Amino acid sequence: MMAETGIAAAIVVAAVVAAIGIAALRRTRWAQRLADHPNARSLHRAPTPRIGGLGIAAGVAAGAAATGVSGIALALLGIASALLLVSMADDHRSLPASMRLAAHFAAAAVASTVAAPGAGPVVLVAAVLTIAWMTNLYNFMDGTDGLAGGMACLGFTAYALAAWAFGDLALAGAAAAVAAASAAFLWHNFPPARVFMGDAGSIPLGFLAAAFGLAGWRAGAWPAWFPALVFSPFIVDASVTLARRLAARERVWEA
């Protein structure tokens with residue numbers, strides 16, 4: 001019962017903090033500085049602040065603290081926080097692609113050793129590539145109102161339920177906090193969106209989608225195919241699109 005109460009607290013706290021945080025951020029000068037102005041490839045018509053990721057991060061942090069997340073799940077949230085700082089800088093002033101990718105691969109390498117201790121070199125290399133790929137893939141798909149937030153709600157809820165059923169309460173609590181904070185963001189992001197999550201939201205979410213998936217698999221909470229199935233709408237859509245762009249010799253590192 002205590003475990004269930006803790007996870008329920010994580011859900012409520014994460015959702016409330018994220019919802020209030022985003023609403024407050026929308027009224028600050030920071031929101032104006034980080035506004036996404038429409039261009040030829042945009043789906044929105046008015047300048048929209050890219051501060052949703054900051055609200056999601058605040059909600060996740062509060063929810064994780066409320067449920068007492070520890071161990072590997074807490075370490076992965078810490079790495080995601082480091083990526084958040086890099087992504088905030090990118091939102092504020094676009095960073096070179098090489099710098100962003102270096103940060104993503106560094107985070108993926110650290111996360112792989114944390115989530116899969118004792119794994120062989122083949123597993124570690126595959127894990128690093130997968131985490132780095134998912135990190136960028138999630139960012140690539142963050143362009144339509146409600147899409148990235150909705151995928152986060154569904155995907156991390158599935159993680160939370162599977163981890164809870166297995167008995168990994170730390171991972172369940174962390175995933176539940178991410179799902180709840182994403183749901184609060186989604187309330188602000190339903191068409192027509194009042195906020196976008198920005199790189200500060202999409203990059204950490206993509207990282208956690210892969211890192212939590214790896215951690216759950218290594219712990220025995222789910223089979224290796226489960227994370228790929230959970231996030232298959234993003235994985236298949238983005239992978240096919242990027243493959244077509246590569247075949248057309250387009251610069252896939254550009255929007």
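Derivation of every value follows stated rules applied to the coordinates shown; laboratory data play no part. Note that the coordinates shown come from a computational prediction; the quantities given were computed from them, not determined experimentally. When we count neighbours, we look across all protein chains shown, and the Cβ atoms used for this are built from the backbone with ideal geometry, even at glycine.
Observations, loosely collected:
- Per-peptide average of other Cβ atoms within 10 Å, ordering 111-119, 183-191 highest first: 183-191, 111-119
- Convex hull volume of the C-alpha atoms in the chain, normalised per residue: 113 Å³.
- Cα-centre dipole for the chain with unit charges at Cβ (Lys and Arg positive, Asp and Glu negative), debye to 20: 640
- For the options 76, 205, 85, a Gaussian network treatment of the chain with springs between C-alpha atoms closer than 10 Å singles out 85 as fluctuating the most.
- Percent RCO, i.e. relative contact order, over the range 58-212, from Cα pairs under 8 Å lying at least 6 residues apart: 39
- Its relative contact order, with pairs defined as Cα atoms under 8 Å and 6+ residues apart, puts the range 120-207 at 42 percent.
- Eigenvalues of the alpha-carbon gyration tensor of the range 71-139, scaled by 5 and square-rooted, set the equivalent ellipsoid semi-axes at 23, 14, 8 angstrom, largest first.
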